[in-house]
Each structure stands twice: as structure tokens, then as C-alpha cells.
1. Roll a 1.4 angstrom probe over the protein heavy atoms and tell me the percent of accessible area of the chain that is carbon or sulfur.
2. Using just the helices of the chain, give the 222 nm mean residue ellipticity in deg cm²/dmol: DSSP H runs with n ≥ 4 each add -39,500 (n - 2.57), and the total is spread over all residues, rounded to 500.
3. Quick check: the angle from helix 57-67's long axis to the longest principal axis of the chain, C-alpha only, nearest 10 degrees?
4. Hey, which of these cross-link pairs are over 26 Å Cα-Cα: Lys21/Lys106; Lys63/Lys150; Lys106/Lys150?
5. Can you give the longest run of the chain that contains no trypsin sites (Lys or Arg not before Pro) sitting in a DSSP loop with at most 11 other Cβ atoms inside 10 Å?
6. I'd like the distance between the alpha-carbon centres of the stretch 1-47 and the stretch 93-163, rounded to an integer number of Å.
7. If the elastic network links every pair of Cα atoms under 10 Å, which of Ser136, Ser114, Ser163 fluctuates the most in the Gaussian network model of the chain?
8. Please compute the per residue accessible area over the chain with all protein chains in place, 1.4 Å probe, rounded to a whole number of Å².
Amino acid sequence: MSTYTVGYFVGSLARASINRKLALALTRLAPTELQMREIPIGELPLYSYDYDAAFPPVARALKDAIAAVDAVLFVTPEYNRSIPGALKNAIDWASRPYGQNSFTRKPSAVIGTSPGKIGTAVGQQHLRSILAFCNSPLMNAIEAYIQFEKGLITDEGEVTNSSTADFLRNFMTEFHGFISRVYTVLPRGGT
Ligand SMILES: Cc1cc2nc3c(=O)[nH]c(=O)nc-3n(C[C@H](O)[C@H](O)[C@H](O)COP(=O)(O)O)c2cc1C
């Protein structure tokens, strides 16, 4: 089985983010053929096309980080039934300047957790629309809407519920298979 690097975005900037805990858990549960690394978004200024002529170093670093990975994973809360502004801002940066969209042909997957029963489902639908527009081949299934209950994931990223751990492990195994299939159909460097 091929090995791939996966850059993950945490959509929350909160120190105690439950989605950051989820990202840590996914990193622990991923197959060894997926090498996980975070792509940080918290220091980006708000995007404007005034920057297109000369991206600041932090935005350049974002685009370089995406270019350096084989796939991207979004681990995000739902804010007001959509995605957090910080994450949308990062996607806007990465999608520009025009013609240099970092997500083109970059395989992606989406997951999130919330204390609410629908577990970020509506926010994820918005994110799926955005990624479709950004021409990212997105894993359609399995979907993962994780309802967070206190203690579900420790600060160290250990999942305390075994069926949730199995589900998340399977999600990452499916993502590995998906990345592999994308690169079979769309070899890198192809047109
Ligand atoms: C501005 C804001 C909007 C929110 N909107 C939603 C929402 O639409 N759906 C939902 O399930 N939870 C919503 N929540 C609650 C979040 O799910 C909860 O704060 C969760 O901890 C966020 O994930 P995080 O800890 O990773 O930041 C909202 C929270 C904030 C701060």
C-alpha cells in the first residue's frame, strides 16, 4: 500500500477545541500509510485580493504547506450552521491568486464534531460545496458527524468509546483508499 502525506486543518481557533481533540484522535487512529501533519490557519490576516500581487509570508506558507501534502483533511466545527470564518478565510487564501488554486486535484475529506445531535452535518454540507467549487476531489462516503460528549476524547487524543474509535479508524482507512484511487485516475503531473 502506498504512503501519503495528509495535511489537516482544524477549523476552530479555540484553545480547548473539541475538533482539535478529534484531529489528534484521527492522527492516532490513521493507518501508518497516512502521515498526518497540521496546516495552521490561526495567524492568517483576513484575505483581500489586494494581497494577490504579493502574498504575505504566512499565506505563502499556507500554500506551500498544501502543495507539499498529497491530500487534505478538514476537521471542523459548525458555526451558525456553516463553517467558521477562520476556516473560510484560510480556504479563500489558498484558492488564490486566480489560476493558482491550491486545492485543484488535491484529494480531501471532511469530518467534524459538535455537542449537538447533528454533529456538524449542516456545516459540512457548506464545506462540501466550497471544496467542489475549488475542484478538490472529495471523499463522498463515509460521512462522519460526531456528537461530542464530555470525555469522549482525552486531551491526548485517546477515544474512550470503542465503537467511536472503530468508526474513526475506519474513516481514516477509507480516506487512504480514496486518496489511492484518486491518484490512480489522476496521476500527479497529468493534465
Ligand atoms: C459562533 C458559534 C456558533 C455555533 N454554531 C453552532 C452550530 O451551528 N451548530 C452546532 O452544532 N454547534 C454550534 N456551536 C457550538 C459548537 O459546536 C461548540 O462551541 C463546539 O465546542 C465548537 O467546536 P470547537 O470546540 O472545536 O471550537 C457554535 C459555537 C459558536 C462559538
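The values are calculated or read from the model by the stated rules, or taken from the named source; none is laboratory data. Treat the numbers as computed from the prediction; the structure is a model and nothing was measured. Please note: Cβ atoms are built from the backbone with ideal geometry, for glycine as well, and neighbour counts cover all protein chains shown. Calculation scope for accessible area: heavy atoms of the full protein, side chains included, ligands and nucleic acids excluded. Shrake-Rupley method; radii C 1.70, N 1.55, O 1.52, S 1.80 Å.
1. On the way: 5040 of 9590 Å².
Carbon-and-sulfur percentage of accessible area, whole number: 53.
2. Mean residue ellipticity, 222 nm, calculated: -12000 deg cm²/dmol.
3. Between helix and principal axis, roughly 70 degrees.
4. On the way: Lys21/Lys106 24 Å; Lys63/Lys150 35 Å; Lys106/Lys150 34 Å.
Table pairs above 26 Å Cα-Cα are Lys63/Lys150; Lys106/Lys150.
5. Values: sites that count: Arg15, Lys117, Lys150, Arg188.
Value returned for the longest uninterrupted segment is 16-116.
6. Answer, in whole Å: 10.
7. Largest GNM mean-square fluctuation: Ser163.
8. With the other protein chains kept in place, the chain gives 50 Å² per residue.
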